[in-house]
Every structure is written in structure tokens, then in C-alpha cells.
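The values are calculated or read from the model by the stated rules, or taken from the named source; none is laboratory data. Predicted model, so just to flag it, every value in this text is computed and none were measured. Cβ coordinates were reconstructed from backbone atoms using ideal geometry, including for glycine residues, and neighbour counts include every protein chain displayed. Side chains are part of the model used for accessible areas, which takes the heavy atoms of the whole protein and leaves out ligands, DNA and RNA. Shrake-Rupley method; radii C 1.70, N 1.55, O 1.52, S 1.80 Å.
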Amino acid sequence: MALHEMRYLHQHPAVIRILLGILVVPLVYAVTFLASVWNPYGELQHLPMAVVNQDRPVTGMVWGRQVTRQLVRNCSLDFRQMPMHRAQQQLATGHVYLVLQIPREASHQLRHLPTATRPLHVTYRTNAGQSAVAAKMGESAMTKLQIRLNQAVVQAEQQAARQQLAQQTRLTAGQLRQIAQLTAANQGTVATLALSRLQTQLARGAQAMTAVTPAQRRAQVTPIRLIQRDTHSLANNGTGMAPYFMTIALFVGCITLNIIYDAGQRHGKYRYFALAWLDKMSFLWGFVVLAASALWLGVWQVNGLRPVHPLATYLFSLLIILAFFSLVTCFRLWLGLTGAWLMLLFMIFQIGCSGGTYPIELTNPLLRAFHPYLPMTIAMSGLHQTISLGGSITEQVAILVGMVVAFSLGTLAYFYRHQDVSAE
């Protein structure tokens, strides 16, 4: 079986190289993508979070300082102490994924826990617009943290109550001995007064214990409640994933176009190479702009995507596909189908490095090293701003415009190098 095919491959070694190249594609895709999602929940110690301690200590209670120290030293979460203004700035830019804010009245309220009528509300802020998955992971981590904090506070209160009870027991025993001594000394009146005072104290203690209201009991059982606040909420999961899938779709379109359509083939006679380049590129630029426009209409009308800045999202998508097309076409012209193959591998590698599924901090160290410098990372960052965050995309626009210019000059150089190619 396959005898004739093997004989054909032996006679055409170039086809063997092509098949070997295709053989590598599933390998690279599986290894790279799995490396990016291998064990994210086991890497939460790399997910940066901020703790802001605004607590004002009171006599006998410095709860905010103690919790902050424990969180910063905790090896299971990457908490960093910082002031509020810096924490908010880093949350907005994606340098931290969660900000835990300890309020000013924390120590005061916990100091008076036996009479508290409501739990201590501790706020933590996430930014789902930057990473919906990171916001969910932060919420899960804070649920576990709330349980640990409540257990610690309740245990401390129980220990304090036991110490107070032991002290009261010693005082009562001392008073009883004093009454017995007075009785033995035939000082009945004094002993009666002392016994009456003791009974009054015990009655008041019993009354205080039975006078606890249901609200106070709930506050004592669950003294701390963590409240989530999202700086940029998302309408649904698709809105959070849109930058990732839109970027991949635009890159796939550029690779597919360059594999099927030969951008270097002439279909006319030109006196100057620049005119041949302009004729070919103007057609292809128009085509990719049309493809990006179709993508935009699809996600708007079919999926119901509603960005914060719709026009900016559309225009930025056009810039993305022009930058990707310029890059892929330059490699395709100079290296032929090998260039298209390299761009396919490059796209697969970027999918793993982009952090589109899980925060990049939770992925492979090699992928984290390449993450900031890849075209898909730049494109996704800009789309996050236009779709959900509403921030500036000046830096992303400048980088993508630079890509368009640089790789367009590369394609122009190819037409100059092959300006004597006859039209077909």
C-alpha cells in the first residue's frame, strides 16, 4: 500500500519538506496552547494583587496591619501592599488584577465585636474589562480568604471570651472565700451585703449574655464580609473574549489570503515597479479592509457585541488587519510558501503567548517572556480598551502603524528586486 505515493515522494523531495512542515503544525499548536492553560489555578501565586491598608489601629487591636502582613507573606497569593491611588492605577492598566481595601474602622469595629450589629464590610475591586477570567479567579480566592479571616477573628474572640470567663471565675471564687471568712467571723451583715453584690454581678452577666440580638449573633458568627466591586463590568462572557477571538480571526484571514492568492504575481505591464506594487497592494488592502468590515458587522449584528467605543473598535480592527497583512505578505513574498508556513507557526505561538484564555502571569515562563512584544498582544490590548475599558490606544496605534510602514516597505523592496518579472 502507498507504494506509488512513496515513489512519488522519493522523486520529489520538496514535497517531503512540505509534508514535514505540515506535520509540525499540530505539534506546535497542541504544545503551545496546552502550555498556556496547563495549570492556571495552581499558579495563583503569580497573579499580582494589591492590598491597601487604611485601618486606624485602636488600643489592643491592629487588625489591618496584621492582615496586611499575613497577605504579603502568604505564598499562595501574590499580594503587594501599596497606597490606594497606585493600586487603582495598576488595576486599570492590568498590572494587578485585584485590589483588597481594608477600611479605616476595621480595628474599631472588631474591637467591639460582642456588641456589633453588622459585619465588617471589606471591599475588593476587580477589573473584568481587562480580564474576565482573572476577575472570576480573584472572586474565588476572596471567598476562601473570607472564610479564613472569619475563622481567625472568631477564634480570637472565643479565646478572649474564655480568658475573660476564667478571670471572672477567679474573682467570683475569691469573693466566695471572702464571704465564707466573714461568715466564720460572725460578721453576718457584711457577708450578706457581699453575697448580695455577687448575686447582682452574676445576674447582670447572665442578662448580658441572654440579651444578644439576632443581628449581633450573626455579626459574631460572620464578623467579616468581603464585597466585590468591578471597575469595568462586562455584559457577558463573549464581550470579554471578543478581543482574543477577533485578533485570531484577523490573523487567520491574512494567512489564508496569502496562501491562496499570490501577492507577487503580476497581471499587467508596468513601467515602474512602484506602480506594480501600488496596483497590487491597493487591491489587497481594499480586500482585507472589506474582510475586517465583514467581521465587525458579524460580531455587531450576529453576536450582539456592544463596545464602549464602537467606531474606535471598527477603525482599530481595520488597522490591525492592515498591520497583520503587511507582516504576513512580506514574509510570503520573500520566502514563498515557507514564509506563509512560518507565519502560521508564529500565529499559533502568539495564541499561547497572548493570555487570551487565562492571565499571562499564570502561564509558562517562556510564554510570559515573549508576551509583551507580539503583534497579537498589542492588538488585543487595544481592543480591550475600545470594547470594555474606554482608555487610550495611542501606544497601540503607533506600534501597528509602524508595522504597516515597515513591512509595506519590505513588500515594496520585493517588487523592486523583482521588477523585471513578466506579467502573466
(request) Could I have the simple spin-label model distance between V37 and I16, label points 7 Å from Cα toward Cβ, reported in nm to one decimal? (result) 3.7
(message) At 1.4 Å probe size, put K280, K136 in order of accessible surface, largest to smallest.
(response) K136, K280
(message) From the phi angles alone, apply the Karplus equation (6.51, -1.76, 1.60; θ = phi - 60°) to the range 392-401 and give each ³J(HN,Hα) in whole Hz, x where the residue is Gly or Pro.
(response) 7, 10, 4, 5, 5, 4, 4, 5, 5, 4
(message) How high is the relative contact order of the range 8-100? Use alpha-carbon pairs under 8 Å, at least six apart in sequence, and give a whole percent.
(response) 29
(request) Please work out how much length the chain gains when fully extended from R80 to A160, using 0.36 nm per residue of separation minus the C-alpha to C-alpha distance, in nm with one decimal. (result) 25.7 nm
(request) With θ set to phi - 60°, apply the Karplus curve 6.51 cos²θ - 1.76 cosθ + 1.60 along the range 56-71 and write out the HN-Hα couplings as whole Hz, x wherever there is a Gly or Pro. (result) 9, x, 10, 4, x, 8, 10, 4, x, 5, 5, 5, 4, 4, 5, 5
(request) Check the straight Cα-Cα distances from K269 and name the lysines below 22 Å, setting aside those fewer than 8 residues away within the same chain. (result) K280
(request) Note down the accessible area of E395, probe 1.4 Å, to the nearest 10 Å². (result) 130
(message) Using a 1.4 angstrom probe on the protein heavy atoms only, could you order V299, V405, V51 from most to least accessible area?
(response) V405, V299, V51
(request) Please compute the net charge surrounding D279, taking Lys and Arg as +1 and Asp and Glu as -1 over other residues with Cβ under 13 Å from its Cβ. (result) +4
(message) 7 Å from Cα along Cα→Cβ at both T394 and H95: what's the point-to-point distance in nm?
(response) 1.8
(message) Full-extension gain between L315 and L290, please, as 0.36 nm times their residue separation minus the C-alpha to C-alpha distance.
(response) 7.8 nm
(message) So, R0 is 25 Å and r is the distance between the beta-carbons of V24 and W334; what FRET efficiency does that work out to, to 0.05?
(response) 0.75
(message) Give the separation of the Cα centroids, the range 43-87 to the range 256-317, in Å.
(response) 49
(message) Out of the total accessible area of the chain (probe 1.4 Å, heavy atoms of protein only), what percent is carbon and sulfur?
(response) 61
(request) Please work out how much accessible surface R217 shows to a 1.4 Å probe, ignoring ligands, DNA and RNA, in Å² rounded to 10. (result) 120
(request) Please give every one of the lysines within straight-line cross-link reach of K136, meaning a C-alpha to C-alpha distance under 27 Å, and leave out same-chain neighbours fewer than 8 residues apart. (result) K144
(request) Only one of the values [x] 27.1; [y] 32.3; [z] 26.0 was calculated from this structure for Kirkwood radius over Cα pairs in Å; name its label. (result) [x]
(message) Please list, ordered by chain and number, the residues whose modelled amide H lies under 5 Å from the amide H of V122; skip anything fewer than 5 residues away on the same chain.
(response) R225, L226, I227
(message) Can you compute the helix-only [θ] at 222 nm over the chain? Use -39500 (n - 2.57) per DSSP H run of at least 4 residues, normalise by all residues, nearest 500 deg cm²/dmol.
(response) -22000 deg cm²/dmol
(request) Pop out the ³J(HN,Hα) list for the range 24-40 in order, Karplus 6.51 cos²θ - 1.76 cosθ + 1.60 with θ = phi - 60°, rounded to Hz; leave Gly and Pro as x. (result) 6, 4, x, 4, 5, 5, 5, 5, 5, 5, 5, 4, 7, 10, 5, 8, x
(request) Go ahead and run the numbers for FRET between Q181 and V58, Cβ-Cβ distance against an R0 of 45 Å, rounding to 0.05. (result) 0.65
(request) On the full set of protein chains, 1.4 Å probe, figure out the accessible area of R111 and give it in Å² to the nearest 10. (result) 120
(request) Hey, can you find the accessible area per residue of the chain for me, probe 1.4 Å, expressed in square angstrom? (result) 56
(message) If I stretch the segment between T172 and Q228 completely, what's the gain in nm (0.36 nm per residue apart, minus their alpha carbon distance), one decimal?
(response) 15.4 nm
(request) Assign one of three labels to the range 305-424, namely rounded, prolate or oblate, based on the Cα gyration tensor with a ≥ b ≥ c the square roots of its eigenvalues; rounded applies when a/c is under 1.5, prolate when it is not and a/b is larger than b/c, and oblate otherwise. (result) oblate
